[in-house]
Amino acid sequence: MRIKKIISAAFLLLCSLGWAQNDSIVKLREVVVSDTRLWSESNILSKQKLNDSVIALQPASLTQLLQYNTLISFKQHGFGMVSSPTFRGTTAQQTAVIWNGININSQFNGQTDFNTLNAWNFDQVVLRAGGGSVAYGSSAIGGSVHLNNEMIFKPHRQQKIQLNYGSFETSGLNYKFSTGQKKWSVGSSISMNRSENDYPLLGTSGLRNQNGQFQNVSLHVQAGYKMNPYHLLQFYAQTYEAQRHFSGPVGASPHSVYRDINQRNLLQWSYEKNRFKSQLKSVFLSEQYHYYPDFSVVDFQSSKAETFIGQSDLTYQLSPKIELQSVVSFTQTKGKGSSIGSAQREILAGALLTKINWLQNLITEASIRQENSSSYQSPFLFSVGTLWNAFQGYSLRAHVSRNFRMPTFNDLFWNPGGNSDLKAENALQVEIGQDFVWKNTTISCTVYHNDLKDLIQWTPGSGSIWSPHNVASVQAYGIESSVHHLFKMAAHQIELQAAYGYTISEDQERKLQLTYVPKHKFTGNLAYAFKGFRLYTQLIYTGKIYTQADHNAALTDFALANAGVLYRIKSSIDWTFGVQCQNISNELYQSTPDHPMPGRNYQIQLTLKL
């Protein structure tokens, strides 16, 4: 009865969220993306798209890209080291990363290290705020980050090369290629980055970052073929390989090395005719790592997981106002590692979705999902949202959803201490807000509340063996607001974007803010363009964060500013030269204790379009 009451109430709500989009989101007929579900929705949950010009400023690190352009905060153990996000007051395991429509969070720890993703390899980086577990499965509680690649089905040939070099012997080589005709499309990209990463540690007497060097390479290929007007075949593949020397706390002399390789493959067949749409997906994912506590010793720890996914999406336009969709998927994962032994699990999931256009200005979406797994108990999931375009330029939206995160291989099978009786974490989320658009200005505001239960926590037991249990309960709520303005006068253009987030995320037992969740975050971006010149500045402010659950230790707030200039010349070769200064004020800041981040540093950039 409680669920029915919530769903009924949600249909009557007339408000909703809003995040200003960084770029208009228009699906052209010649451009195809695999993650069609992201764009088929009516924006009841907001989407923030980062365009090519924004990605180009921070192509090597998805962490830096999102840190300066979104309200996601990151916990980093030094520059280039492990990076984990917090989205709307949730944990890193509760933020889903979606690659071309497929959830790629680790099967071992349930999260994605954002420093293992090079933004250059993707044509779209899109943030989807709020719960999305019905559509994308586990982890989409705080929100999801979507990494998409486009296929262009029209005569074209494009090449782009970008070279970067900066402080601490940091360098990058990025290349992207795309060609095609009306019936076929082929593309590829490669990104190689390395750094000695030996920056001076601010606040110390001449110490430098030790054992922080890293190098990585990421390769992506894709191909698509239109067999006829109704059938489309698509293939995507990506490989990432890296070696990082993990830097330790101030004063330490670490010798650890971490090597990892991730592979992703997606084959998709699409059929569309009249009122009927169908998609069949076959996916293979592989993740593997080797960890050497001391690189001078052969001894190491390793784990490997392989995942196969088969998925069928069927959509039928019942009438001009009603659309129905069903999704059925089967997932099998096999893992083997130093601490989990051999493990395997299968998941069968089914979802039903509907969209109803009651009136020209009133849309409702509702969906349900249920999973069945022998490894954990999954909750019944639902999602209901309403969009009301009250009048031109002003809209109200509302959304209610139940979301979840499944236990990971480490949670279930870690030896010793794993707990095979764990339930999935579940969360009930409500959000309302509004969008206002007037000429070249967009203003948005969102209020949300997330009730998280059965959170998995590792606690000490008998014999000092730690084990996971469903023990924690968290209330996360807050406000997100943003403004975007574009001013044009003759050849002059000024663009301003700013966003502010206020987040409360409290452990209900302690009644204290969760660790590594700042209450305040602000981002601001200002750009001025005149003919071939572009000047820009980026600003972020992150509030104080607590590093211990009892609030006996905390890191101070900090503000960072970057600035740069780009100059573009169009001739037989279109080239752009840029210079960027990061952390202009040489601010001492850190997101984990005793791991200072770099002070003032510089980067030069050359981009060629052929």
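The values are calculated or read from the model by the stated rules, or taken from the named source; none is laboratory data. Every value quoted in this text rests on a predicted model; they were computed, and no experiment measured them. Here Cβ is always computed from backbone atoms with ideal geometry, including for glycine, and neighbour counts include all displayed protein chains. Quick note on the areas: whole protein, heavy atoms, side chains included, nothing else; ligands and nucleic acids left out. Shrake-Rupley method; radii C 1.70, N 1.55, O 1.52, S 1.80 Å.
In the range 37-62, the residues that are over 26 Å from Leu280 (Cβ atoms) and of a type in the set (Asp, Glu) reach residues that are open to solvent by less than 40 Å² (accessible area, probe 1.4 Å) and part of a loop (DSSP other than H, G, I, E, B) with C-beta atoms within less than 8 angstrom, at least six apart or across chains, in these pairs: Asp52/Asp123.
Okay, residues lined up against (1) more than 30 Å from Ile309 (Cβ to Cβ); (2) touching a residue at least 40 places away in the same chain (Cβ under 8 Å):
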residue	(1), (2)
His156	yes, no
Tyr165	yes, yes
Tyr175	no, no
Lys183	no, yes
Met192	no, no
Ser205	yes, no
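Counting the residues of the range 35-57 that are closer than 23 Å to Asn361 by Cα and not hydroxyl-bearing (Ser, Thr, Tyr) gives 9. Of the residues making up the range 447-494, just one is part of a loop (DSSP other than H, G, I, E, B), of a type in the set (Gly, Ala, Ser), on the phi < 0 side of the Ramachandran plot and loosely packed, with under 12 Cβ neighbours inside 10 Å, namely Ala491. Do you know which residues across the range 199-239 are buried (at least 19 other Cβ atoms within 10 Å of the Cβ), among the aliphatic types (A, V, I, L, M) and over 21 Å from Asn148 (Cβ atoms)? The one that is buried (at least 19 other Cβ atoms within 10 Å of the Cβ), among the aliphatic types (A, V, I, L, M) and over 21 Å from Asn148 (Cβ atoms): Leu201.
Among the residues of the range 454-493, not one is at pLDDT 95 or above and basic (Lys, Arg).
Out of curiosity, is Leu207 modelled with pLDDT of 95 or more and either under 26 Å from Phe300 (Cβ atoms) or more than 20 Å from the chain's Cα centre (by Cα) (or both)? Considered against the rule, which asks whether it is modelled with pLDDT of 95 or more and either under 26 Å from Phe300 (Cβ atoms) or more than 20 Å from the chain's Cα centre (by Cα) (or both), Leu207 comes out as no. Within the range 437-465, being in contact (Cβ under 8 Å) with a residue 60 or more places away in the chain, farther than 30 Å from His484 by Cβ and not aliphatic (A, V, I, L, M) holds for no residue.
For the range 577-610, taking the residues that are open to solvent by less than 30 Å² (accessible area, probe 1.4 Å) and not in a loop (DSSP other than H, G, I, E, B), the one that is nearest to Lys544 (Cα to Cα) is identified as Gln582. Among the residues of the range 376-430, the ones that are closer than 30 Å to Ile356 by Cα, aromatic (Phe, Trp, Tyr) and either assigned to a strand (DSSP E or B) or more than 26 Å from the chain's Cα centre (by Cα) (or both) come to 5 in all. Each residue in the range 495-505 was checked for being within 18 Å of Val447 (Cα to Cα) and either among the small types (Gly, Ala, Ser) or open to solvent by 40 Å² or more (accessible area, probe 1.4 Å) (or both), and 6 of them qualify.
The range 88-198 holds strands (runs of 3 or more DSSP E) entirely within its bounds, and those carrying 3 or more residues that are buried (at least 21 other Cβ atoms within 10 Å of the Cβ) and more than 13 Å from the chain's Cα centre (by Cα) map to 170-180, 184-195.
Within the range 529-572, the set of residues being of a type outside the set (Gly, Ala, Ser), assigned to a loop (DSSP other than H, G, I, E, B) and under 24 Å from Lys519 (Cβ atoms) comprises Lys544, Thr547, Gln548, Asp550, His551, Asn552, Thr556, Asp557.
Scanning the range 40-64 for residues that are aliphatic (A, V, I, L, M) and crowded, with 24+ Cβ neighbours inside 10 Å turns up Leu45, Ala60, Leu62. The C-beta contact set for the range 416-436 (first residue of a type in the set (Asp, Glu), second residue assigned to a loop (DSSP other than H, G, I, E, B), distance under 7 angstrom, 6+ apart or interchain) comprises Glu431/Leu17; Glu431/Gly130; Asp435/Gly18. Report yes if some residue within the range 224-242 is within 25 Å of the chain's Cα centre (by Cα), more than 23 Å from Ile161 (Cα to Cα) and either assigned to a loop (DSSP other than H, G, I, E, B) or free of Cβ contacts under 8 Å to residues at least 24 places away in the same chain (or both); otherwise report no. No - not one qualifying residue is present in the range 224-242.
When Arg37 is tested against (1) among the charged types (D, E, K, R); (2) within 14 Å of the chain's Cα centre (by Cα); (3) assigned to a helix (DSSP H, G or I), exactly one condition is not met: (2). Residues that are within 25 Å of the chain's Cα centre (by Cα) and either surrounded by fewer than 17 Cβ atoms within 10 Å (Cβ to Cβ) or without any contact (Cβ under 8 Å) to a residue 60 or more places away in the chain (or both) do occur in the range 546-553. Within the range 506-518, track down each residue that is over 20 Å from the mean Cα position of the chain (by Cα) and either buried (at least 20 other Cβ atoms within 10 Å of the Cβ) or touching a residue at least 24 places away in the same chain (Cβ under 8 Å) (or both). Across the range 506-518, the qualifying residues are Glu506, Asp507, Gln508, Glu509, Arg510, Leu512, Gln513, Leu514, Thr515.
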